Each structure stands twice: as C-alpha cells, then as structure tokens.
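Peer 1: First the structure, then my questions, so here it is.
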Amino acid sequence: MPNTDRDRTIAFAGMFQATALVRDIAHEGQCDNQDFTACIDSLFQTTVQDSEQIYGGLARLRRGLNLVRKQLSEHQDPELTRYVVILMALERKLARQPKLLQTLGDGIQTTRQRLDHFSLTHDNIIAGLADLYAETVSTLRPRIMVNGHYQHLSQSGNANRIRALLLAGIRAAVLWHQSGGGRFKLLFGRKRLLATAQQLLTEIAEKPNLHIVR
C-alpha cells in the first residue's frame, strides 16, 4: 500500500465512516445504504493498488472525509473518537495473532464465494461477516462497547450490521497502518491530514459521480 498522506487520510476516513454508521444503527436503527455498502465492499478488496480503489472511489467516502475534517478542525466527537482509537488498538493486537489473521482471511474468502449467490448487503453475507468478527476481533481486548438504544441493539439484524461495520473499521485500521499511519502521524501530522481531507472533498465536489466500476 502506498505510503502517502492521501492513502492515510482515506484509511482514516474509512474508520470514521464505519463507526458513524455503527452509531446510526445503534441510536436510530438504520443507516445510509450507500455508505454502508462502501464499507462492506472494502472487506473484499484485497488485491487493489491503493486505498481509493478499496472503497470504489472517493465519492463513496464523502461522509468519512467530512468527519475527518470536522474532527481535526472543530470540536471532536468523543464517541466516534473512542471507537476509532479502540479500532486502532485492536488492529495492532490482531496483527500479532497469526492464527486469528488466518481465520479472518479464510472467513473473508468463504464469504466472498457466497457473493455468487447473494448481494453484497444480503442478510446472509452480513451475518457471515458478523460471525467472523465475533470469532476473531471480539476475542481481543479491549472490546468495543457500542452505546445506543436497547430496542435497536437487541435486534439480531442490527447487531449483525454493527459487527460487520466494526470489521470494516478494522480493515480501515489495517490500511492506516499499511500506509504509514500510527500514533505519531496522528499526533504530529494532524494539519496534513486535515489539508488532505479538504483536498479530497474538493475533488469529490468537482467530480461527484466519479467512482470505480467493480
């Protein structure tokens, strides 16, 4: 994965988009389908050349990029910040667990094969990803405790979508690390991340319908 501000910012936006959708489901019982699809799709893009291709184009990460801009230039959202920080910590722990990584890779491949029969966001696909999250990432600590309304969190379909999104958040955290992201980049490279996020949002505004065809 290229070690560039662009790739790091896209990965950072991927984490924020995934966690924002988790919050939407937890508090409202629903989320934007296009944003959700972009996150889930990223889990199956394992042979592409850069972060933008993983998400199918910048326009599919508009919400995440806007959140990065707000987080770095305005008042931080403590709930989303907490989720993202934990995702980064879990990704580092996962990287040191070869058996879990193997299980995760095999599980993604098995789920990918089901796409011959089901759509990307079909309940069977999302349930498979949720089970994979429970089998791998959920065994690590700290666990992500999702805040929300019980009436939404208690529904199995919502719980599955939340777990699948958290798995997509881990995928974005992997991209963050692969593209040179880390604690020091976050502490001392905030201005560059902010500037890059603003630049990418400008690109989206100029070409809002541009996306990569799968």
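Peer 1: Is it fair to say T4 is hydroxyl-bearing (S, T, Y) and either crowded, with 21+ Cβ neighbours inside 10 Å or at pLDDT 95 or above (or both)?
Peer 2: So T4 fails the test.
Peer 1: Output the residue which, of all residues in the range 161-190 that are in contact with a Gly (Cβ under 9 Å, 6 or more places away or on another chain) and either without any contact (Cβ under 8 Å) to a residue 60 or more places away in the chain or hydrophobic (A, V, I, L, M, F, W, C) (or both), is surrounded by the most Cβ atoms within 10 Å (Cβ to Cβ).
Peer 2: In this case the residue turns out to be A172.
Peer 1: For the range 8-37, give me each residue that is in contact (Cβ under 8 Å) with a residue 40 or more places away in the chain, out of contact with any Gly (no Cβ under 8 Å at 6 or more places or on another chain), part of a helix (DSSP H, G or I) and not hydrophobic (A, V, I, L, M, F, W, C).
Peer 2: Matches in the range 8-37: T9, E28, N33, T37.
Peer 1: Kindly list, by first and then second residue, each pair from a residue in the range 191-204 that is in contact (Cβ under 8 Å) with a residue 12 or more places away in the chain and under 11 Å from I10 (Cα atoms) to a residue that is part of a helix (DSSP H, G or I) and of a type in the set (F, W, Y), limited to pairs with Cβ atoms under 9 Å and residues at least 6 apart or on different chains.
Peer 2: L193/F12; A197/F12
Peer 1: Here's a follow-up. Within the range 91-121, count every residue that is outside any helix (DSSP H, G or I) and among the basic types (K, R).
Peer 2: Matching residues across the range 91-121 total 1.
Peer 1: Still on this structure, please answer the following. Can you pull out every residue in the range 29-49 that is loosely packed, with under 15 Cβ neighbours inside 10 Å and either acidic (D, E) or farther than 23 Å from N3 by Cβ (or both)?
Peer 2: Of everything in the range 29-49, those that are loosely packed, with under 15 Cβ neighbours inside 10 Å and either acidic (D, E) or farther than 23 Å from N3 by Cβ (or both) turn out to be Q30, D32, N33, Q34.
Peer 1: Related question: Tell me, yes or no, whether the range 87-95 has at least one residue that is within 16 Å of the chain's Cα centre (by Cα) and among the basic types (K, R).
Peer 2: Yes, the range 87-95 contains at least one residue that is within 16 Å of the chain's Cα centre (by Cα) and among the basic types (K, R).
Peer 1: Another question about this same structure. Show me the helices (runs of 4 or more DSSP H) found entirely inside the range 141-214 where at least 3 residues are within 18 Å of the chain's Cα centre (by Cα), at pLDDT 95 or above and closer than 19 Å to D77 by Cα.
Peer 2: Output list reads 156-178.
Peer 1: Here's something else I'd like to know. With the structure loaded, tell me whether E79 is out of contact with any Leu (no Cβ under 8 Å at 6 or more places or on another chain), under 28 Å from Q199 (Cβ atoms), among the acidic types (D, E) and surrounded by 21 or more Cβ atoms within 10 Å (Cβ to Cβ) or whether it fails that test.
Peer 2: no
Peer 1: If you don't mind, there's one more thing I want to ask. Which of (1) at pLDDT below 95; (2) of a type in the set (S, T, Y); (3) within 25 Å of G148 (Cα to Cα) is the odd one out, the single condition T47 does not satisfy?
Peer 2: Among (1) at pLDDT below 95; (2) of a type in the set (S, T, Y); (3) within 25 Å of G148 (Cα to Cα), T47 violates only (3).
Peer 1: What are the pairs, 6+ residues apart or on separate chains, where a residue within the range 67-91 that is closer than 16 Å to G182 by Cβ and of a type in the set (V, I, T) has its Cβ under 7 Å from a residue that is surrounded by fewer than 17 Cβ atoms within 10 Å (Cβ to Cβ) and at pLDDT below 95?
Peer 2: Every condition considered, the pairs that remain are I86/P142.
The values are calculated or read from the model by the stated rules, or taken from the named source; none is laboratory data. A quick note: this is a predicted structure, and the numbers were derived from the prediction, not measured. As a convention, Cβ positions derive from the backbone with ideal geometry for all residues, glycine included, and neighbour counts pool all protein chains shown.
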